[in-house]
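What follows is calculated from the coordinates using simple rules that are stated; it is not laboratory data. On a predicted model such as this, the values are computed, not experimentally measured, just so you know. Neighbour counts run over all protein chains shown; Cβ positions are idealised from the backbone, glycine included.
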Amino acid sequence: MIVRPAILHAIAVAIAIVAALSVLAFSNPNRLAHDQIVHGTFIARLDDPTAFQGDYLFGDDRIETHNNYFLYGAMQWLRDRLGHQELIYWYFLPVFVGTFTLGMYALLWYATRQWLASVLGALTANLYVPYIFMASWGLAGPSEVGSREVFTMFVPLLFLGFVRGMLERRDWLLFATFAAVGILGNVHLISAFNFALILGLTLIFWGGITWQNIRRIAVGGALALAGAAPYLLAYNRYRHLLPTGLAGVDPAAYRAVVATVAAHTLPAGHWEGLWQWVGREWYLFWPLVAIFVIMLWLRRRAGEGDGLDRLSICFVGAVIAVNAFISISQWVKFYGFGAAPFFQIPRGMHFLYVVLFLFVGILLAQLIAWIRARVPSRRLVALSVAAIVLVAGFVALRGPWLAGRYRAYITPRFSYVTCDDGVYEAVRSLSHSGDVLLVDPDYFSAVRPCTRRAVVVLRRDNGIAYSLGPDRLSEWVRRYDEVKTAFASPETLLAVARRYGARFILSRTCAAVPGVVERYRHPANLNCVYQIGPS
């Protein structure tokens with residue numbers, strides 16, 4: 001029986017929707033973690049522009065260069081309608097799975113014209129690969145969701161548009177893809193910048209430096225810039241406030257910036273990131289690379305290799321070349337000119353996986369075709385029904401175990417509580433807008449968005465402080481060392497708090513602090529809030 005493609009596509013959409021919604025039953029309730037703390041802080045600034053006016057970091061106009069009005073504004077709008085900011089990330093998961101899965105399905109259908117392989121390959125492509133330098137691929141847990149995931153969920157569709165534009169010689173589709181990349185740059189500019197460069201270099205690898213390719217790159221680049229113009233214009237309003245180098249940074253601050261960026265942009269950090277990805281997490285890389293290489297060889301040997309194979313090779317080469325060039329340029333910038341490297345680089349190696357999973361789908365298509373040629377249709381149907389029953393039975397019987405395994409897999413790398421934590425509720429009820437908090441700098445990372453109060457310093461501020469200039473970096477080093485020492489010697493806490501105009505102290509322990517009043521104590525004596533009276 002021949003089934004119309006429209007019906008097959010409708011079934012694929014239904015499967016993607018069911019898969020997307022099922023994720024909600026397995027995923028953890030969200031906890032503020034990593035970049036989401038920054039998201040929440042900027043959303044708080046959108047709610048109340050004066051919320052952090054006494055904050056040395058988020059009260060500085062230069063912080064606006066880190067502000068993404070479009071993403072944070074959208075999250076603010078969703079929060080106002082969903083009622084809880086931290087649930088936004090949880091609700092986003094089915095959107096990610098549905099969009100990403102349908103994009104991969106469309107790409108695989110174009111490549112194989114085989115429905116089952118396209119569905120299975122699209123679902124498989126959601127596999128979470130967490131450590132790809134500073135990026136990840138696939139379905140993260142809600143505590144790992146950020147603007148990069150918004151861009152990533154469209155990557156299969158972007159790649160499909162590029163492939164069809166190239167292989168079918170439809171320049172309008174090629175240009176539309178560049179424009180779409182630019183528009184998505186308003187959500188995550190770094191991913192868009194990286195992806196646009198990759199597409200441009202792929203064009204050169206494919207057809208050489210010809211007038212046609214120069215025209216394509218020029219028009220495509222212009223459209224990408226036009227698409228990203230809203231973000232670029234908003235960023236440019238404050239960019240002039242940023243210093244151009246690290247000249248004048250004291251030795252301690254310089255060591256701090258090296259420690260800050262080494263894990264991301266400098267050679268030692270690159271090596272650690274590479275080893276984490278292809279060494280420790282080898283099972284998420286090398287098997288897929290092996291499938292890619294073997295399938296290319298088999299298809300070429302069988303005379304089945306086509307433009308898609310060659311274009312995929314060009315794309316892989318462009319991904320590696322673009323990210324290598326950007327990384328090396330950052331090293332030259334830092335060591336040769338004393339300028340801080342761009343903190344978010346490299347961010348594009350995860351784009352390799354759109355090709356790797358494309359060839360996983362092609363492998364599935366060939367395996368299914370091989371099985372169909374050797375197994376009678378009735379037996380194949382019986383085996384399929386038996387497999388579905390077995391899988392359904394296993395899920396029904398082992399559902400709690402599966403859920404536990406999934407939750408463990410997506411647990412955030414660091415454990416953060418939500419803004420409902422008692423210490424944050426106490427600060428909100430006891431203090432007023434404009435009050436400054438002295439916080440144990442290695443703890444309470446979500447204190448800004450959860451209390452909407454200025455803080456003296458936090459350890460995680462270093463990543464932003466260095467990018468705002470040498471003065472902010474030096475101030476962060478001085479403040480961090482001073483406050484860290486003060487919390488190790490409680491008798492000095494009061495003097496340090498008054499020096500920075502703090503009215504409340506958040507301590508991870510409930511040791512006696514001379515000269516202050518205890519206003520909140522965690523039921524398990526885990527942390528305390530102290531109030532400082534007038535001197």
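So here's what we get for this one:
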| read-out | value |
| --- | --- |
| Dimensionless Rg/Rh of region 1-128 - Kirkwood Rh, Rg from C-alpha atoms | 1.15 |
| Charge tally in the Cβ shell below 12 Å around Gly73, where Lys, Arg are +1 and Asp, Glu are -1, Gly73 excluded | 0 |
| Kirkwood hydrodynamic radius of region 124-266, from inverse mean 1/r over distinct Cα pairs, in Å | 17.5 |
| Gln276-Tyr335 FRET efficiency (beta carbon distance; Förster radius 30 Å; 0.05 resolution) | 0.80 |
| Per-peptide average of other Cβ atoms within 10 Å, ordering 142-152, 485-495 highest first | 142-152, 485-495 |
| About the Cα centre, charge dipole magnitude for region 187-298 (Lys/Arg +1, Asp/Glu -1 at Cβ), debye | 340 |
| Karplus (6.51, -1.76, 1.60) ³J(HN,Hα), θ = phi - 60°, over region 267-274, in Hz, Gly and Pro reported as x | x, 4, x, 4, 5, 4, x, 5 |
| Charge dipole (the chain, unit charges on Cβ, about Cα centre) - positive-most of Leu242, Gln85, Leu123 | Leu123 |
| In sequence order, calculated HN-Hα J values of region 35-47 (Karplus, 6.51, -1.76, 1.60; Hz; x Gly/Pro) | 5, 5, 5, 5, 4, x, 5, 5, 5, 4, 5, 5, 5 |
| Chain lengthening between Arg113 and Ala218 when straightened (0.36 nm per residue, less Cα-Cα) | 34.5 nm |
| Distance in nm between pseudo-label sites at Arg508 and Thr418 (7 Å out along the Cβ direction from Cα) | 2.3 |
| For region 212-252, convex hull of alpha carbons as volume per residue, Å³ | 125 |
| Linear extension gain, Val389 paired with Leu24, 0.36 nm per residue minus alpha-carbon span | 129.1 nm |
| Cα gyration tensor shape for region 157-241, rounded if a/c is under 1.5, else prolate or oblate | prolate |
| Packing-based ranking, highest mean first, of 314-320, 217-223, 155-161 given that Cβ atoms within 10 Å are counted | 155-161, 314-320, 217-223 |
| Rounded to 5, percent antiparallel among DSSP beta bridges of the chain | 60 |
| In nm, spacing of pseudo-spin labels at Asp80 and Arg378 (7 Å Cα→C-beta vector) | 6.5 |
| Where no second cysteine Cβ lies under 4.7 Å, the cysteines concerned in the chain | Cys314 |
| Geometric extent, Cα atoms of region 417-514 - Rg, Dmax (angstrom) | 13.1, 38 |
| CD proxy at 222 nm, helix term only [per DSSP H run n ≥ 4: -39500 (n - 2.57); per residue of the chain; nearest 500] | -20000 deg cm²/dmol |
| Efficiency of FRET from Cβ geometry, Leu241 and Thr485, R₀ 22 Å, rounded to 0.05 | 0.10 |
